[in-house]
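Okay, so here's the structure we're looking at.
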Amino acid sequence: MASKAPRNNIDESQLTVTKPKTKAVGIPAVANALKISLEQMGPVRSVQTLLAVNQLDGFDCMGCAWPEHEKRNAAEFCENGAKAVAEEATRRRVTPAFFAQHSVAELKTRDDYWLGQQGRLTHPMFLDEGATHYEPIGWDQAYDLMAEELRAMDHPDQAVFYTSGRTSNEAAFVYQLLVRGLGTNNLPDCSNMCHESSGSALVETIGIGKGSVSLTDLETASLIFVAGQNPGTNHPRMLSALEKAKKNGAVIVSVNPLPEAGLLHFENPQHLGGMVTGTRLTDDFLQIRAGGDQALFQGLGKYLLEAESSGRKTPGLQSVLDHDFINNHTVGIQDYLQYLEEVQWDQIVEATGLSLEQIHATGERLLASSSTIVCWAMGLTQHKHSVPTLRDVVNVLLLQGNIGKPGAGVCPVRGHSNVQGDRTMGIFEKMPEKFHDRLDHEFEFLSPRDHGYDTVAAIRAMRDGKVRFFMGMGGNFVRAAPDSEVTEQALANTRLSVQISTKLNHSHLATGQRALILPTLGRTEKDTQVTGDQRVTVEDSMSAVHASRGRLKPASEHLHSEVAIVCNLAHRIFTDGRVRLPNAPKAAWLSMRDDYSLIRKHIEAVFDGFENFEERIQHPGGFVLPHPPRDARKFDTASGKAHFTGNQLEYIKVPSDRLVLQTLRSHDQYNTTIYGKDDRYRGIHGGRRVVLINADDVSELGFADGDMVHLISEFQGTERRAEDFRIVTYSTPKGCAAAYYPETNVLVPLDSVADTSGTPTSKSVIVRLEPATLNRKDAA
């Protein structure tokens with residue numbers, strides 16, 4: 001039997017700290033995965049569900065976007081994947097009786113962990129203006145209410161439609177069609193807050209905003225950088241690929257402010273040898289200052305050029321640089337060289353916090369490599385200078401021809417399971433003209449060309465009273481967004497907020513004047529429409545598209561699929577005359593709702609690479625989308641070639657009495673979903689309100705390990721506060737600190753964003769510490 005949900009919030013007075021781990025996964029990960037699965041699902045349901053995760057005839061994990069080989073293990077999931085499945089397939093339920101018992105005001109006092117542990121939403125719920133409690137509402141009434149609000153808009157841009165990365169290709173496609181049919185491109189998504197910087201830099205430099213490598217490339221690379229990433233927690237199945245790479249002779253360089261157990265030593269639970277001895281993964285750990293990655297890659301480029309000038313050679317070439325590749329496939333190298341000549345080594349050392357010897361030794365790793373891959377995640381994408389940083393990553397790879405050859409390339413590791421697929425499907429506020437032309441031709445209408453709001457712009461527009469209607473397709477917008485108080489106040493300015501969700505979260509409590517909760521099917525559940533059981537598709541982090549089909553009976557008979565919700569609403573708006581729009585797309589909405597293969601036919605017509613879509617997803621493992629730089633060294637840029645770029649060196653200069661804070665996840669967490677109270681690899685148990693700080697900084701600032709402090713961020717004369725955090729002395733560069741989100745999202749200024757991409761700067765928040773009024777003993 002599954003256990004009951006917790007009765008109380010996390011009791012931070014029970015928090016304990018132990019020594020951080022130096023190895024990851026192994027028996028503790030297996031035990032914890034089973035423990036949580038049994039608590040949420042019970043034994044029979046656990047076996048039934050976990051053995052279907054990421055299987056060829058099963059469902060795609062709703063966790064990360066890491067890919068699989070065609071040949072799968074019997075247990076093709078990680079610890080955090082098991083937690084994600086257990087949370088969705090839980091036997092716990094949030095029924096109308098729950099909402100009758102708990103007011104919105106009371107629920108606002110509950111933490112993220114408590115809310116998520118209550119179980120699956122079972123009925124559509126409505127919060128009327130001035131009401132204290134959500135009440136049940138029929139689906140027809142809910143659709144009418146949304147159509148009424150959309151009809152009352154003065155302009156289509158008064159509506160905002162957010163998307164989470166777990167939304168399927170089919171749901172994302174009909175969703176963007178609905179939105180563009182209304183006449184707006186206001187399609188902010190979770191990519192705006194994570195890998196938007198990656199897309200911006202890669203589109204500019206290589207012509208496509210996706211990674212260029214496959215699993216086989218990663219496993220056969222000569223040199224792998226893992227920068228600004230913690231795969232042991234965020235993408236645990238990546239550790240298996242790194243293990244294979246090590247056994248094939250790869251050198252792995254980890255670049256991160258914090259040492260992460262998963263990159264130090266990996267115990268693979270898939271085989272006995274992995275459990276007994278494990279594998280040391282990292283050869284060189286570069287403990288870089290937060291935001292110092294651009295300086296590192298400029299230093300590596302500078303080292304390669306100096307080696308070229310001295311007549312050095314690299315494997316397979318007569319020189320350090322791949323002149324054939326540079327001459328035939330790139331432009332702009334002179335601009336790049338000029339910037340590198342201007343940057344000084346002492347600047348690079350100051351910016352990185354590394355020694356000159358460490359940087360030179362890493363340069364030697366590049367010289368010895370025949371094929372290099374750079375992997376990265378949020379540690380590189382959430383700074384003001386993230387886009388220049390990633391341009392400089394590409395510059396280093398271009399110098400040695402490491403794009404479009406086996407075992408080499410760029411590898412941005414995406415977080416949510418279909419976040420890349422959603423962008424492919426058109427969930428983007430500024431899609432290219434080619435997409436609009438094809439969409440218009442397919443559905444015989446004129447889609448809007450004016451760019452819409454990204455996430456930060458959408459919050460600003462809501463704050464300023466420019467938005468009446470907000471819809472969130474999955475996710476937890478309020479807790480994912482920066483500047484939490486501003487975001488909540490912004491949503492309160494809307495006339496109607498709508499959340500399409502599987503589980504209860506804080507976005508259901510920070511509402512517009514009126515609010516709807518629309519419960520939807522999860523990945524684990526059967527999606528049965530009038531034509532039979534449906535399947536959906538997803539795209540992983542390496543551009544592979546494959547089918548996903550749930551097996552479980554839905555948590556409630558009142559759930560609608562995401563596709564059904566969108567198509568039913570669109571039918572009301574465009575077909576039955578409740579909202580009369582002269583420029584409506586000519587789409588058979590109810591037919592698409594009943595048979596998802598019809599949606600895939602439209603996708604095939606609009607997007608390159610989806611030819612014979614239905615037939616190709618019959619193949620186990622699906623198919624890989626085209627990637628011209630990877631496939632043929634062709635670059636969809638203005639010049640038709642890859643672009644070197646010259647970038648001014650930027651890094652964070654922190655006053656002596658301040659720290660630069662990066663927000664991050666705990667191990668018992670996926671994005672904004674809190675699975676448990678521990679971060680066992682970092683030695684944090686039973687609580688979350690901790691701030692990890694270098695011991696010298698703690699002493700110099702007049703504090704001690706274990707002290708309770710308030711964190712205050714400072715930006716353009718405005719202070720933001722996150723109170724009652726325990727100091728934990730930790731191995732992190734001097735001047736740097738770390739704490740968990742979403743608790744610290746309140747400190748991230750809405751207007752502090754990356755240049756070009758607009759991504760919130762969640763990894764470079766300048767903070768000061770204030771003593772808490774109560775010390776930890778008194779607070780307990």
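Only one of the listed residues (Pro6, Pro20) is in contact (Cβ under 8 Å) with a residue 60 or more places away in the chain, surrounded by 12 or more Cβ atoms within 10 Å (Cβ to Cβ) and more than 26 Å from Pro259 (Cβ to Cβ). That residue is Pro6. Within segment 184-197, residues that are under 23 Å from His385 (Cβ atoms) and in a loop (DSSP other than H, G, I, E, B) sit with their Cβ atoms under 7 Å from residues that are open to solvent by 10 Å² or more (accessible area, probe 1.4 Å) and hydrophobic (A, V, I, L, M, F, W, C), at 6+ positions apart or across chains, in these pairs: Cys194/Met378. Within segment 148-183, how many residues turn out to be among the hydrophobic types (A, V, I, L, M, F, W, C) and part of a helix (DSSP H, G or I)? Going through segment 148-183 one residue at a time, the tally reaches 9. Within segment 80-129, the set of residues being touching a residue at least 24 places away in the same chain (Cβ under 8 Å) and among the small types (Gly, Ala, Ser) comprises Gly81, Ala82, Ala84, Ala86, Ala89, Ala100, Ser103, Ala105, Gly116, Gly119.
Considering only segment 156-163, I want to know if a residue exists there that is out of contact with any Asp or Glu (no Cβ under 7 Å at 6 or more places or on another chain), among the β-branched types (Val, Ile, Thr) and under 29 Å from Glu429 (Cα atoms). Among the residues of segment 156-163, at least one is out of contact with any Asp or Glu (no Cβ under 7 Å at 6 or more places or on another chain), among the β-branched types (Val, Ile, Thr) and under 29 Å from Glu429 (Cα atoms), which makes the answer yes. Looking at Arg391, Arg414, Arg365, just one residue is at pLDDT below 95, among the charged types (D, E, K, R) and open to solvent by 10 Å² or more (accessible area, probe 1.4 Å), and that residue is Arg414.
If you go through segment 207-229 and keep only what is assigned to a helix (DSSP H, G or I) and touching a Gly at 6+ places or on another chain (Cβ under 9 Å), you end up with Thr216, Asp217, Leu218, Glu219, Thr220. Summed over segment 716-729, residues that are out of contact with any Phe, Trp or Tyr (no Cβ under 8 Å at 6 or more places or on another chain) and either open to solvent by less than 50 Å² (accessible area, probe 1.4 Å) or of a type in the set (D, E, K, R) (or both) total 9.
For segment 188-202, residues that are buried (at least 24 other Cβ atoms within 10 Å of the Cβ), among the polar types (S, T, N, Q) and modelled with pLDDT of 95 or more total 2.
Within segment 400-408, one or more residues are in contact with a Lys or Arg (Cβ under 8 Å, 6 or more places away or on another chain), crowded, with 21+ Cβ neighbours inside 10 Å and not hydrophobic (A, V, I, L, M, F, W, C).
Scanning segment 665-716 for residues that are more than 18 Å from Ala261 (Cα to Cα) and assigned to a strand (DSSP E or B) yields Thr673, Ile674, Val690, Val691, Met708, Val709, His710, Leu711, Ile712, Ser713, Glu714, Phe715.
At least 2 residues being of a type in the set (D, E, K, R) is the threshold, and among the helices (runs of 4 or more DSSP H) wholly inside segment 256-346 those reaching it are 293-309, 333-342. Checked against the criterion of being touching a residue at least 60 places away in the same chain (Cβ under 8 Å), among the hydroxyl-bearing types (Ser, Thr, Tyr), part of a helix (DSSP H, G or I) and more than 13 Å from Gln294 (Cα to Cα), the candidates Thr389, Thr362 yield just one match: Thr362. Can you tell me how many residues in segment 313-332 are under 20 Å from Ile359 (Cα atoms) and surrounded by 15 or more Cβ atoms within 10 Å (Cβ to Cβ)? Adding up the residues that qualify gives 3.
Between Ala704, Ala739, Ala772, the distinction of being of a type in the set (A, V, I, L, M, F, W, C) and under 24 Å from Ala227 (Cβ atoms) belongs to Ala739 only. The set of residues in segment 392-422 that are under 21 Å from Gly646 (Cα atoms) and outside any strand (DSSP E or B) comprises Asp392, Val393, Val394, Asn395, Val396, Leu397, Leu398, Leu399, Gln400, Gly401, Asn402, Ile403. What is the residue count in segment 521-566 for residues that are more than 18 Å from Thr167 (Cβ to Cβ), acidic (Asp, Glu) and in a loop (DSSP other than H, G, I, E, B)? Within segment 521-566, residues that are more than 18 Å from Thr167 (Cβ to Cβ), acidic (Asp, Glu) and in a loop (DSSP other than H, G, I, E, B) number 1. Specify which of the listed residues (His571, His546) is surrounded by 16 or more Cβ atoms within 10 Å (Cβ to Cβ) and either aromatic (Phe, Trp, Tyr) or more than 26 Å from the chain's Cα centre (by Cα) (or both). It is His571. Summed over segment 591-615, the residues that are open to solvent by 50 Å² or more (accessible area, probe 1.4 Å), free of Cβ contacts under 8 Å to residues at least 40 places away in the same chain and in a helix (DSSP H, G or I) give a count of 6.
The values are calculated or read from the model by the stated rules, or taken from the named source; none is laboratory data. Here the structure is a predicted model, which means the values were calculated and not measured. For neighbour counting, all protein chains shown are included, and Cβ atoms are generated from backbone atoms with ideal geometry for every residue, glycine included. For the accessible areas, the whole protein counts, side chains as well, though only heavy atoms, and no ligand, DNA or RNA atoms are used. Shrake-Rupley method; radii C 1.70, N 1.55, O 1.52, S 1.80 Å.
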